[in-house]
Amino acid sequence: MAVKIVIDSASDISVEEAEKLGVTMIPMVVNFGAEDYLDGVNLLPTQFYEKLIESDDLPKTSQITPFRFEEEFDKLTANGDEVVAITISSKLSGTYEGAKQASEKYNGKVFVVDSLSACIGERLLCYYALKLIEQGKSSKDVKEALDEKKQKLCVMAMLGTLEYLKKGGRISKAVAFVGNLLSIKPVVGLVDGEVKMIGKAMGSKKGNNLLTKLVGEKGGIDFSMPYGTIWSGLERTVLDKYIKDSSALWADHVDDVPAYIVGSTIGTHVGPGAVGVAFFANE
C-alpha cells in the first residue's frame, strides 16, 4: 500500500511537473471571456500573463467539483493505495469543501488538507508531504504533520502594480491612482488563509527591504523545510533583484535559491511584476 498525493492547480504545479513528482494534479478551469482553459494543462503561466495583459476584464476561475475529485480518488484507491489531497485555502475557494465531500465515501483511505494557502504555499506543503512519504509515514501521519506545519508557513509578496487589485474591487480607483503616482509597493501575505495587506513601501528597493525585514520578524527561514521565491509576469528581472538585495537571507545556507512563477489563481489578483518569498518560519 502506497500513499498518493493529489493537489489542485492553484499550487502552480503543472500537469507535466506533477507527473515528474509522482503526484496527481487536478486543474481548475480558467475562463477568459468565451474561452475556457485548463490551468496548468493548456494554460501555462506565460500564456496566462499574455492574456491577462491583453484583457480588459479579469479572468474567472472555477472551483473543482466533488465529482472531479471522486474520479481521481477512485483511480488512486482502486489497488488499495491511500490518498492525501492538498487544496487551496478554504477561504479563497470552495475546492476544499468539494474534496472533503468527495473523501467521505472512501472509509478513511482519503485525507484532505486545507492548505490555508495557495500558489507556492501549496507547493511547499506538497514537497513536504512527499518527503514524509519517503520516510515511510502513513496517510494519516502525513495529514497530521501538514496540518501542524502549515501553521508556520509564510507566503508574502511585494506587488509591482495596484491595477489588478483595483480591477478586482479590492481597492478603490482613487487609492490605486495615488498609490501608482507615489510608486507605493504594497506587500501582501497569506494570513489565516486569506490574502491580506501586511505592509507597504515607496519604491521597489524599500519594498525588497521590507520583505526581508518581515522574514526576520518571523524568526527567519527554516532551511530544513521546503522554501522558495516567486515572481509574476513574463520575465523575472524583479525577482533576480530581490534575491540580490536579500542575499543575507540565503548566504551560508544555499547556493541557488529556488524560484517559481505565480500562476492564474493568484496571478489574477496581483498581476505582473510581483516578487515574493515563501518558507516555514523558525519562530
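The values are calculated or read from the model by the stated rules, or taken from the named source; none is laboratory data. Fair warning: this is a prediction, and the values are worked out from it, not measured in the lab. Every residue, glycine among them, receives a Cβ derived from its backbone with ideal geometry; neighbour counts consider all protein chains shown.
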Query raised in the report: Scanning for something part of a loop (DSSP other than H, G, I, E, B) and not small (Gly, Ala, Ser), does the range 269-282 turn up at least one residue?
Result: yes
**Report entry** Residues located in the range 200-219, provided they are outside any helix (DSSP H, G or I), basic (Lys, Arg) and either over 24 Å from Gln151 (Cα atoms) or free of Cβ contacts under 8 Å to residues at least 24 places away in the same chain (or both)
**Finding:** Lys200
Query - Hey, Gly40 over 25 Å from Lys137 (Cβ atoms) and of a type in the set (Gly, Ala, Ser) or not - result: yes
**Report entry** Scope the range 190-243; condition of a type in the set (Phe, Trp, Tyr) and either surrounded by fewer than 17 Cβ atoms within 10 Å (Cβ to Cβ) or over 13 Å from Met156 (Cβ atoms) (or both); matching residues
**Finding:** Phe223, Trp231
Requested in this report: Would you mind stating whether Lys241 is in contact (Cβ under 8 Å) with a residue 12 or more places away in the chain, more than 22 Å from Val30 (Cβ to Cβ), assigned by TED's automatic domain parsing to the domain that holds Ala157 and assigned to a helix (DSSP H, G or I)?
Outcome: yes
Report summary line: The residue that is surrounded by the fewest Cβ atoms within 10 Å (Cβ to Cβ), considering only those in the range 129-158 that are touching a residue at least 60 places away in the same chain (Cβ under 8 Å) and under 14 Å from the mean Cα position of the chain (by Cα), is Met156
**Report entry** Residue, nearest to Ile64 (Cα to Cα), within the range 10-43, restricted to residues that are assigned to a strand (DSSP E or B) and touching a helix residue (DSSP H, G or I) at 6+ places or on another chain (Cβ under 7 Å)
**Finding:** Ile26
